[in-house]
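Novice: The structure that follows is given in the form of structure tokens.
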Amino acid sequence: MYPRGVKMNMKKIVVAGGGVLGSQIALQSAFCGFDVTIWLRSEGSIERAQPKLLRLKEIYLNTLEAMKTNPAAYCRGFSCENELSADKINELKQKVEDAYDSITLTTSYEEAGNDADLIIEAIAEDPKQKIAFYQELAKHIPEKTIIATNSSTMLPSAFAQYTGRPEKYLALHFANEIWRNNTAEIMGHPDTGQEYYDAVCEFAENINMIPLKLKKEQPGYILNSMLVPFLSAAEALYADGVADFETIDKTWMLATGAPLGPFRILDVVGLTTAYNIGMMNPKASDPDTIEGKVAAMLKEKIDAGKTGINSGEGFYKY
């Protein structure tokens, strides 16, 4: 574990949404000893979340096993010690099994909200859905509960009033593959209380993340302020017929030495998230614009069930 300051009182963590990042946040938090509940909108959502959690469990177990013989397999989210004995790795593998078995999945606001210390909202990048969620959630949570949004691009100040506790609301954004890319961008809004900001920073440390503290609100935080324009440029090249997506990826990887090209990254992020972000641009509703062509390209794949790595296919097959 990373060095800790004052021991937190947080015990119960609720993750709202079981998508790409929601499932990762839930398993990582449980792995680090928290009591974790995932709130989901419907029984169908529960059915879709379960295989994501199972897949993540297998990734954790396989990666830990690989760490016994391959130092390059080491992931910062498992431990701050980069040299682990086989016995210690076996202990961590058991923690993964226990974490997976301990997570509760529910559609009940009452069950999720009861005694919750921190709720991390990781539902779709749709303002209407987020507002409706916050307004209903406010009826079912105790006074102590802090709420954080994992929104990729939206500002917490846009939603604070709907939570019923603006001083206890802020943004906590994770990178994909959080067991490996263990960053946590933490961004308040003008009314966020410093003590709640600090508590979320401490929580991030307690799940083996490195808190990246933003001093002011910024759409896209730090990471996505750089990443989204990069991915958008790649999407535009493909949608406009400049090159196929494999060639675009190959260009980026060969020219920069990057391990992944933009379309591989899109598959990891999830095409539904990419589509929802793109649809925030008014031009996306015009099929004659590049933005409209990108939206149509992504929508076609989403409608075919090819939403990215978690579904087994996006731009690539997995």
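Novice: Setting aside same-chain residues fewer than 8 positions from Lys68, which lysines have a Cα under 18 Å from its Cα?
Specialist: Qualifying lysines at Cα under 18 Å: Lys57, Lys88, Lys93, Lys95.
Novice: What trypsin sites (Lys or Arg not before Pro) does region 135-171 have in DSSP loop regions with at most 13 other beta carbons within 10 Å?
Specialist: Sites meeting the loop and neighbour criteria: Lys139, Lys144.
Novice: Per-residue HN-Hα couplings for region 249-259, Karplus 6.51 cos²θ - 1.76 cosθ + 1.60 at θ = phi - 60°, whole Hz, x for Gly and Pro?
Specialist: Each residue's phi maps through the Karplus curve to give 4, 4, 4, 5, 5, 5, 7, 10, x, 5, x Hz.
Novice: Taking 8 Å as the Cα distance limit and 6 or more residues as the minimum spacing, I'd like the relative contact order of the chain as a percentage.
Specialist: Computed over the chain, the figure is 16 percent.
Novice: In percent, how large is the relative contact order of region 78-230, given Cα pairs closer than 8 Å and 6 or more residues apart?
Specialist: Once normalised by length, the contact order is 18 percent.
Novice: Applying the Karplus parametrisation 6.51 cos²θ - 1.76 cosθ + 1.60 with θ = phi - 60° to the phi angles of region 56-61, what ³J(HN,Hα) value in whole Hz is obtained for each residue in order, glycine and proline being reported as x?
Specialist: 5, 4, 5, 4, 4, 5
Novice: What lysines could a cross-link reach from Lys130, if we take a straight Cα to Cα line under 18 Å and drop same-chain neighbours fewer than 8 places away?
Specialist: Lys139, Lys168
Novice: What is the set of long-range amide H partners of Thr149 at a cut-off below 5 Å, with H atoms built 1.01 Å from backbone N?
Specialist: When sequence neighbours closer than 5 places are left aside, the close amide H contacts are Glu121, Leu170, Ala171, Leu172.
Novice: Same structure, new question: Seen from all sides and averaged, what is the projected area of the convex hull of the Cα atoms in the chain, in nm²?
Specialist: The directionally averaged projection comes out at 16.3 nm².
Novice: Right, here's the next one. Considering only DSSP beta bridges whose two residues both sit in the chain, what percent are antiparallel, to the nearest 5?
Specialist: Percent antiparallel among DSSP bridges in the chain is about 20.
Novice: Let me have the 222 nm mean residue ellipticity of the chain computed from DSSP H runs of 4+ only, each contributing -39500 (n - 2.57), with the sum over all residues rounded to the nearest 500.
Specialist: Value at 222 nm, helices only, nearest 500: -14500 deg cm²/dmol.
Novice: Here's a follow-up. Residue-wise, which Karplus ³J(HN,Hα) couplings in Hz belong to region 187-204, taking 6.51 cos²θ - 1.76 cosθ + 1.60, θ = phi - 60°, and x for glycine or proline?
Specialist: So the Karplus estimates, Gly and Pro as x, are 9, x, 10, x, 9, 5, x, 4, 5, 7, 4, 5, 5, 5, 4, 5, 4, 4 Hz.
Novice: Roughly how far apart, in whole Å, are the Cα centres of region 86-101 and region 215-271?
Specialist: 35 Å
Every read-out reported here was derived from the displayed coordinates using simple, explicitly stated rules and does not represent laboratory data. This one's a predicted model, so the numbers in the text were calculated from it and none came from an experiment. Neighbour counts are summed over all protein chains in view; Cβ atoms, including those assigned to glycine, are modelled from backbone coordinates with ideal geometry.
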